[in-house]
Structures are given as C-alpha cells and as structure tokens.
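Here the structure comes first, spelled out in structure tokens, and everything after it is commentary.
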Amino acid sequence: MSILESICWSIPSSSRIFVEGSFSGTENGTSFNPFNTVAEGAAAVPLGGMVRIYPGTYPENLTLDQEMSLSTCGAVSIGQ
C-alpha cells in the first residue's frame, strides 16, 4: 500500500468505486461523491474492480455476486 492509499487517497479510476457511510449528497461512486452503502458500491463496481471503503460501521446485509476486491483504509464493520 502506498502512502497516499494509507490516508484514503487514490487516483480516480473507472474500475474503483468509493464508499463513505457518512456522505450525503449526489452519489456516483467517485472519491468526491462516494456511495454511502457498501451494497451500492458492490452493485456499481465493474467485474474485477475495487470497492474502496472508508472507515466506519455499515449496518447492512451484503451479498457479493461477482468478482471484486474490497479495500479499506481503516477499521470497517459491515453487518447488523
């Protein structure tokens, strides 16, 4: 992991989707307008892409139905 990735920063890419649980506003999965649920990120990521999850608790049920990577830059809890 690079220094920039360790502080949750990365270069935008169409194969990388961002999730930030506390975000409110227009969501499109970019680092500036992330989705606010992991399920939304998982549904939007292209096959083999990466969902980058910001630290936090995500009280949701999650089923992954395609190949993808999940990456965090801190403590993440998913589930109810």
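Observations
- Net length gained if the chain between E67 and F32 were fully extended (0.36 nm per residue, minus Cα distance): 10.2 nm
- At full extension, A39 and F23 could sit 4.3 nm farther apart than now, given 0.36 nm per residue minus the alpha carbon distance.
- Among residues other than G48 with Cβ under 14 Å from its Cβ, the summed charge is -1 (Lys and Arg +1, Asp and Glu -1).
None of the figures in this text is laboratory data; all of them are computed from the coordinates on show. Small disclaimer: the values here were computed from a predicted structure and weren't measured. Methodologically, a virtual Cβ is constructed for each residue, glycine included, from the backbone with ideal geometry; neighbour enumeration extends over all protein chains shown.
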